[in-house]
Each structure stands twice: as C-alpha cells, then as structure tokens.
1. May I ask you to derive the FRET efficiency for T136 and A56 from their Cβ-Cβ distance with R0 = 51 Å, giving the value to the nearest 0.05?
2. Which trypsin sites (Lys or Arg not before Pro) in the range 398-430 pass both tests, a DSSP loop state and at most 15 other beta-carbon atoms within 10 Å?
3. Using only the heavy atoms of the protein chains and a 1.4 Å probe, how would E81, E194 rank by accessible area, largest first?
4. Taking only protein heavy atoms and a 1.4 Å probe, what accessible area per residue, in Å², does the range 65-107 have with all protein chains in place?
5. Could you rank L428, L220 by how accessible they are, 1.4 Å probe, largest area first?
6. Grab the beta carbon distance between A85 and H215, set R0 = 25 Å, and tell me the FRET efficiency rounded to 0.05.
7. To the nearest 10 square angstrom, how much accessible area does L396 have with a 1.4 angstrom probe?
8. Once ligands and nucleic acids are excluded and a 1.4 Å probe is used, how much of L236 is accessible, expressed in Å² to the nearest 10?
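The values are calculated or read from the model by the stated rules, or taken from the named source; none is laboratory data. Every value quoted in this text rests on a predicted model; they were computed, and no experiment measured them. Reconstructed Cβ throughout: ideal geometry from the backbone, glycine too, with neighbour counts over all protein chains shown. Each accessible area value is taken on the protein alone, full model and side chains, heavy atoms only, with ligands, DNA and RNA left out. Shrake-Rupley method; radii C 1.70, N 1.55, O 1.52, S 1.80 Å.
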Amino acid sequence: MSRSDRTLASMPGDAALTRPRTLLLLALASALGGATGCAALTNPIAVGVPARLVPAELLAPSKAGEQTIPLTLLRQPPPREYLLAPGDVLGVYVEGFLGERTVAVPVHVAPLVQGRDQRRLQPALGYPMPVQANGTVDMPVAGPVVVQGMSLPQARQAIRELYVQKRLLKAETANVIVTLLQPRQYSVLVVRQEGSGFTTGPDGLISGAKRGTGHEVDLLGYENDVLHALARSGGLPGLDAYNEVVIFRDCFHDGADRPAWLQHLGTARTDGDLVRALGPGVRVTRVPLRLPAGQAPCVRPEDVILGTGDVVFLEARDDQLFYTGGLLQAGAHVLPRDHDLDVVEALALVRAPLLNGSFGGSNLSGDLVRPGLGNPSATQLTVVRRTPGGGQVPILVDLEVALRNPAERILLRAGDLLVLQEKPEQALARYFTQAFFNFNLFWAPFHSKSGAGVIDVAAPDRLPGRTGSVLLGQ
C-alpha cells in the first residue's frame, strides 16, 4: 500500500467523505462572493433590443457601392466662344476716337515670369474699356453700346455700326479693333476644415496637424465653379471632412449683416433654420460628392456656378466617432468616411479579444498563447445607440451568432458606444477556471525506473510556495 493510500485509510470514515463536500461548499461560496462585483452580472445595459429586431429607422445606412460623382458635374460647360458680360475689360481701337493712324496701337502682353496662381493671358490690342454693370461699353463721342452676351466679333461689329449710324465714321473706311484685354473675375472664399497630414493609430486614421484654412480665390469667367475653386485651394475634401461641398450665397448684404450671419451660422441646426433667420435672400446649396451606384446625380449646372462673395465650405467630420468600454479599452475611434463598419469589424479595429479565450496578443513575453485551459471568450456586445429625440437604445449583439449570420452584424453610426462583457455563465466559468484549475506543477527528476517522483501543488487559497508533497511510487 502506498503512503497516500495509508494516509486515507488512517482517516476516520466520516472525515474522508466530508472533505470533498466541504471543498465544494467552499468553491460555491467563493464563486458567489466573487460574483457580487462581476460586471457580467451587474451590467446595467444587458437588457435591450436584439440586433435582428432593431427597427429600420435606427439602423445605419449602408455606404456599399457609393461612388464619386463625375467631376465634370462640378464645372460649368465651357462655351464654344467667350461671351461678354459685366466685369470684362475690352481692348478697343477706333481710329480717330480711340487712337490715331499715326500712333501705334497699344499692345498688351503678359509678363514672362508669373506667380503660381497667375493666369497667362493672350496678347491684346487697344485701349482698356470695361463692360459696365448694365452690360454696355461707353464709347467716346458715340455713347454707350450694349455688348453683353456677344462674342468679340459681334462686339466689334456693334461698335462699328454705332459709329457709322451716328455718322462719325464712314462704313467703307471705319477701322475698329476689339480684343479681350482682361476677362471678368469672381472673388470666392474657400474655407476648409481639414488636416494637413494623417497617421494610422489604434483609434483609426488620425489627423497629424489640423487647423482651418481659408483661401481667397479669383476665378475667371466660365471657370467660376466648384471644380475650379477646389482645384485652386487644395483639391477634393480630405478623409477627415464630409464628402460634400456647402455653398453659402448672398449672405452679406452689407456690413451690418455680417455679425448676425456669423451668429446664426454657429447656432443653426439645419439649412432651413439658417435661411429663416437670415431672410429670403440667403441661399444654401449642398453638393454631394459621392452617391450610391446607379443613382442619378441631382447636381444642376446652376448649383456649381459661383459668384463674387460666395463662400465654399468644407466641413470637418469631428463628430463622426464611436466609443468603446467594458472589456474593450476605453477610447474614441474615428468612423471610416467612405465604407461601412459593422460591429465585428469594429472589434477587430480596436484590437478587442475576439474568440481567443481572452488571451491577449500584446504582451512583453512574446507568447501569443498562455499555458492552461484559457477562459471563455466574452461574446455579449451591447451597442448603445442614440435616438433622434435625445434618448438611447441598447442593442444586444451575440458575437457567436453574429460571426455565423451576417444579418446580425449591424453597421455602426456616429455616437455609438460599444460595451463588451461576458455572459453570466461565461463569468462563472472563468472564475472556476482561474480558482480551481490554475495549478502550478513542478516535477522533480525521476529517481528510478519505477516512476517514483515528487509533485508540488499550489492551491489557489494558499500562500505562494510549496503546500505539500505527495510521493508517487509502487
């Protein structure tokens, strides 16, 4: 008989049966004591709406299949020939009235060295004559002549006929030259709330350096549109800005309107609030830059044409965040702008424990798998979603079901809070695993071929160290 058998045989019969029962009672008591502070049992958001029963108005719209609209829709169609309008400056020569035969005609040539944003104009002849706000040109002696909407050859013919009709020039000897000295320009302000550089971190794509920038852009005639304004100020919106262009038109009627307009711009919730507060003269145009595939773009030509005083605004996506808590590391993360993100992908994005037995992959020892049986994987995910009325709805997602059924993987919306917790049975299983199966076994070298050895057992309720020795042998 071995030593262990002799030890059990020497114990009283009642004590030999009572000891396992006592250990079981102690285990249950320890489990109940540990569960009193367990978040899996005291989770305040464990009661909610299952993901499969969430109403459509609380679901996030999908971005799958969205495409950038053709960029040609952001510019006005270029005309076959330049048509005159107020703001153009003509180069006009009328022999005997604007210039003499014995005097050389003024020649205007663009400088050889020009700035970055300076446009090179074609050479022009004549004396500068601006087109007035009423579309006319005041000619010496002859008076005003309407040139608005005319091409350069048509304007030359109109000026020549004016002098001939008033008998200032003879039809057979009239010498008139009309060129475009300076095209009309439109001054537009482009305000961009974007970052200048991006880095990829644990919270997603993060702007390295961010500040609002403003660009005062002068656009030539037939180039006064959204596409040219964006091209002159940095291109399409960055990833930290919305995929749309907001245009404020006719906002400043005079200097007294400016403080009121700025105040309403910061407090208005919708475009309608802004228009009603500022009066019927204010117009707000929103031009989307991405649309679902197959949807016809609702961008009209007049929507993209800009005028002097218009403000083009690219707004930042600072509020497009989702938040994490519970067994996930607490933090705020940026939602992708151009593609969907469901709950499972969000957990992978934040490096959450996902069906890995609660083993952490980030450790100093370099071991991806720890020794032992492991713990149950936490699968109870609650998505706390805001409602339009200012409330919130907890949405329950079972990760075991979501990994098998794509319909359970709801898409995230801005403002969602993801809380990962264990189910009660998972928490109890983890406790028993940690409390009663976390033995440290140290085998001493075998002393003989008979298999004799020493096993040291460290029980969970004892102090660290050797608690006892059992000699195994025949």
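1. The value I calculate is 0.30.
2. Values: sites: R404, R409, R413, R430; in loops: R404, R409, R413.
Sparse-neighbourhood loop trypsin sites (Lys or Arg not before Pro): R404.
3. Sorted descending by solvent-accessible area, the residues read E81, E194.
4. Result: 57 Å² of accessible area for each residue.
5. On the way: L428 70, L220 20 Å².
Accessible-area ranking of L428, L220, largest first: L428, L220.
6. Computed FRET efficiency for A85 and H215: 0.55.
7. For L396, the solvent-accessible surface is approximately 50 Å².
8. 80 Å²
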